[in-house]
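For reference, the structure discussed in these notes is given below.
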Amino acid sequence: MSMQVVRFRIQLLVLALVVGPAASASAATVNLAGTLDAAQETSCAMTSTAQGSATATLDDVTGALAWTITFGNNSPSFNNGTLDFGAELFSHFHGPALPGATAGVKLTLANGSPKVASTTVASASDRTDIKNGLWYVNIHSAGCGGGEIRGQIVRVPSCGDGIVDAPGEQCDDGNVAGGDGCDASCFNEPPPPVPAMSGTGAVLFALLAITLASLVLRRRARAAR
Ligand SMILES: [Ca+2]
Ligand SMILES: [Ca+2]
């Protein structure tokens, strides 16, 4: 084995000891919300007085999506699960579509109010669409089969969702922990100090450093002869 190869392998070992294991990707929780009403509906000729609200969270790594949706025509709480034009037929998440456009069904929701449930969104493109506000909730009634009220679900900017929301955030590393370069309020902070090695790692590092120095000195001595 040549001196060059030996030196390269030692450098790799030293680098591995100094850097340590690679950090794993951390999940970011994206907060979402929307309001449902007839104004956003595209298919019903009648204007319902029913309204609703939706909140949801999406884990952008695992795809876990959880939601709470309430609706009704009992102003001002709008939570009695009753529509103006007949019983609720069915309800869905649809996407991807901007407000005013329509798209196919992504998830079927249980009837009634509130709707509280969760699932896993397996498709990465679906997760991206959700984060980009391209999913909507549509509640269909007997009198408005295409939907009586509808609501676009959009991201609620928040620290820890992995997206830098200026001007209120300088950074967003997907968590609300400090000491990692981006503090709990999503402002930049000095990087954490590199932890000192101890125990076996320190001994190995010292041995490798001594071996490397010895090899370099021997090489220089041979070159000087
Ligand atoms: Ca953010
Ligand atoms: Ca952080």
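The values are calculated or read from the model by the stated rules, or taken from the named source; none is laboratory data. Fair warning: this is a prediction, and the values are worked out from it, not measured in the lab. Every residue, glycine among them, receives a Cβ derived from its backbone with ideal geometry; neighbour counts consider all protein chains shown.
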- Task: Evaluate the following for Phe78: is it buried (at least 18 other Cβ atoms within 10 Å of the Cβ) and farther than 13 Å from Gly147 by Cβ?
- Result: yes
- Message: Please verify whether Ser53 is part of a loop (DSSP other than H, G, I, E, B) and polar (S, T, N, Q), treating the condition exactly as stated.
- Response: no
- Task: Residues being surrounded by 18 or more Cβ atoms within 10 Å (Cβ to Cβ) and under 16 Å from Leu109 (Cα atoms): count how many of those fall in the range 134-173.
- Result: 14
- Item | Qualifying residue in the range 120-136 (condition: more than 27 Å from Asp165 (Cα to Cα) and touching a Leu at 6+ places or on another chain (Cβ under 9 Å)) | no
- Message: Restricting to the range 157-174, count the residues that are of a type in the set (A, V, I, L, M) and touching a Lys or Arg at 6+ places or on another chain (Cβ under 8 Å).
- Response: 1
- From the list Gly179, Gly174, pick out the single residue that is at positive phi and free of Cβ contacts under 8 Å to residues at least 60 places away in the same chain. Gly179
- Query: Where residues in the range 183-206 are modelled with pLDDT of 75 or more and loosely packed, with under 12 Cβ neighbours inside 10 Å, which of them is nearest to Cys171 (Cα to Cα)?
  - Reply: Asn188
